[in-house]
Amino acid sequence: MEAGGVQRTVVFILSKVRSGSTWLSYVLGSHPGIAHLGEYHRPFERPGHVACRLCEARGRSECEILHGIENVPKQYAHDFAFERFRKPILCDASKSLEWTATFLDQDRFQVKAIHLMRDPRAWFASQRRREPLAADVAVQRWVVMNDRISDFVMSRRIPCCSVFYDDLAVRPGQYFPPLFRFVGSCFESRALEYWNYEHHGLGGNGAALNVIGKYERARVITGDDPFYQAHSRKHFHDTRWLAELSGKERRAFEQSAAISSLLARYSRDFAHFDDLLAESTSKPTANSQRESAARTPARGHGLVAKLAGFCRLW
């Protein structure tokens, strides 16, 4: 238990890659009581791997906070992070079920999980920028991985909150507050401007560009550098897939019974995602995003609009 009565907690973000986990970890880690770790498993499972992209970009041989991490036994990885960051909540975006399972049978801190998903059409477009991928194969991958995550948190009885990147990005004022409460904190809209805070941890994709992109030695792989440079230091909803997917590819997802069934568990469907797209593309400025986040959210219409996050507490 930390000073002030806040229980030490590690929140694991579990998701398919390209779902927005690094971005979410940065936003959560912009709260003064939460530390962003990024893909924290890497230095423990890949000897010699850098622990902090920020310090690497600054030309330092080791992280000013996580120095000495190479000598820490894997089972005490998060104890080390609690000691160095001196914050009661850690956000681990490793996305690995096996890594998460390593820390379930201990009593030094509590474990929570965030099951993060994304409109599967958008996920497919993002993944295909990095590898050749057919739509039918992508449909199967998306369903299998999200089923695995769901089964994992249920079988291990992990307190879990299931959220969608699209909800968080387009309606932050509605969907972030309950997520922060689940984590054990409170949402402040300034956290959306995560680039205004220092983040020591692993993160080398588009979201990280806002944090380390100004340094010559920054190692960032975005899959689309011009896009992220054009959206630098802005809160935005990634809608590139609209121009990238053919009608046939869209239908492969929209007509998939397996995807529709999985989305229905969380009171989501493609009509909901399309509503978010319409709302997102009608927002002209970054200021309107911040204003939306600061306002008290309206109730919206229907069950989908009311559901701010599907949380299971055992």
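Among the residues of the range 146-205, what is the count of those that are assigned to a helix (DSSP H, G or I), among the aromatic types (F, W, Y) and in contact with a helix residue (DSSP H, G or I) (Cβ under 8 Å, 6 or more places away or on another chain)?
The total comes to 7.
Could you identify the single residue in A93, A138 that is under 16 Å from the mean Cα position of the chain (by Cα), on the phi < 0 side of the Ramachandran plot and either among the acidic types (D, E) or crowded, with 20+ Cβ neighbours inside 10 Å (or both)?
Of the residues listed, the single one that is under 16 Å from the mean Cα position of the chain (by Cα), on the phi < 0 side of the Ramachandran plot and either among the acidic types (D, E) or crowded, with 20+ Cβ neighbours inside 10 Å (or both) is A93.
Looking only at residues that are surrounded by 19 or more Cβ atoms within 10 Å (Cβ to Cβ) and out of contact with any Leu (no Cβ under 7 Å at 6 or more places or on another chain) in the range 183-192, which one is nearest to E279 (Cα to Cα)?
So, considering only residues that are surrounded by 19 or more Cβ atoms within 10 Å (Cβ to Cβ) and out of contact with any Leu (no Cβ under 7 Å at 6 or more places or on another chain), the one nearest to E279 (Cα to Cα) is L192.
Filter the range 11-46 down to residues that are polar (S, T, N, Q), out of contact with any Ser or Thr (no Cβ under 7 Å at 6 or more places or on another chain) and more than 12 Å from H199 (Cβ to Cβ), then give me how many there are.
1
Within the range 61-73, can you find the residues that are under 22 Å from T22 (Cα atoms) and surrounded by fewer than 18 Cβ atoms within 10 Å (Cβ to Cβ)?
E62, E64, H67
Considering each residue of the range 64-101, count those that are part of a loop (DSSP other than H, G, I, E, B) and under 24 Å from S185 (Cβ atoms), and give that number.
Going through the range 64-101 one residue at a time, the tally reaches 9.
Taking the options F227, F180, F164, name whichever one is aromatic (F, W, Y), modelled with pLDDT of 95 or more and surrounded by fewer than 22 Cβ atoms within 10 Å (Cβ to Cβ).
Result: F180 is the single residue among F227, F180, F164 that is aromatic (F, W, Y), modelled with pLDDT of 95 or more and surrounded by fewer than 22 Cβ atoms within 10 Å (Cβ to Cβ).
Identify the residue in the range 11-46 that is closer than 18 Å to S96 by Cβ and over 14 Å from the mean Cα position of the chain (by Cα) and, among all such residues, is surrounded by the fewest Cβ atoms within 10 Å (Cβ to Cβ).
Of everything passing the filter in the range 11-46, R46 is surrounded by the fewest Cβ atoms within 10 Å (Cβ to Cβ).
Suppose we filter the range 221-235 for residues that are closer than 11 Å to L209 by Cα, charged (D, E, K, R) and not in a helix (DSSP H, G or I); how many remain?
1
Look at R217 and say whether it is farther than 22 Å from H272 by Cα, among the charged types (D, E, K, R) and in a loop (DSSP other than H, G, I, E, B).
Yes, satisfied.
Looking for whichever is closer than 23 Å to A207 by Cα and of a type in the set (D, E) here; the options are E70, E131. Which one fits?
Being closer than 23 Å to A207 by Cα and of a type in the set (D, E) holds for just one of E70, E131, which is E131.
Mind telling me which of the residues G48, G68 ends up being small (G, A, S) and farther than 28 Å from V6 by Cα?
Being small (G, A, S) and farther than 28 Å from V6 by Cα holds for just one of G48, G68, which is G48.
Exactly one of these conditions fails for H49: (1) at pLDDT below 95; (2) assigned to a loop (DSSP other than H, G, I, E, B); (3) surrounded by 15 or more Cβ atoms within 10 Å (Cβ to Cβ). Give me its number.
Unmet condition: (3).
Regarding R240, is this residue charged (D, E, K, R) and on the phi > 0 side of the Ramachandran plot?
In short, no.
For the range 116-135, enumerate the residues that are basic (K, R), part of a loop (DSSP other than H, G, I, E, B) and either under 17 Å from the mean Cα position of the chain (by Cα) or surrounded by 22 or more Cβ atoms within 10 Å (Cβ to Cβ) (or both).
Scanning the range 116-135 gives a single hit, R118.
Any idea which of (1) in contact (Cβ under 8 Å) with a residue 12 or more places away in the chain; (2) touching a helix residue (DSSP H, G or I) at 6+ places or on another chain (Cβ under 9 Å); (3) among the aliphatic types (A, V, I, L, M) is the one L133 doesn't satisfy?
It is condition (1) that L133 fails.
Please state which one of D92, D79 is without any contact (Cβ under 8 Å) to a residue 60 or more places away in the chain and out of contact with any helix residue (DSSP H, G or I) (no Cβ under 6 Å at 6 or more places or on another chain).
D79
Quick one: would you say L104 is part of a loop (DSSP other than H, G, I, E, B), at pLDDT 95 or above and either closer than 13 Å to H199 by Cβ or touching a His at 6+ places or on another chain (Cβ under 8 Å) (or both)?
Answer is no for this residue.
Which residues, counting only those in the range 156-179, are more than 13 Å from the chain's Cα centre (by Cα) and either more than 18 Å from H272 (Cβ to Cβ) or among the acidic types (D, E) (or both)?
R156, R157, I158, P159, C160, P177
The values are calculated or read from the model by the stated rules, or taken from the named source; none is laboratory data. Quick caveat: nothing in here was measured; it's all calculated off a predicted structure. Note that each Cβ is placed from the backbone with ideal geometry, even for glycine, and that neighbours are counted across all protein chains shown.
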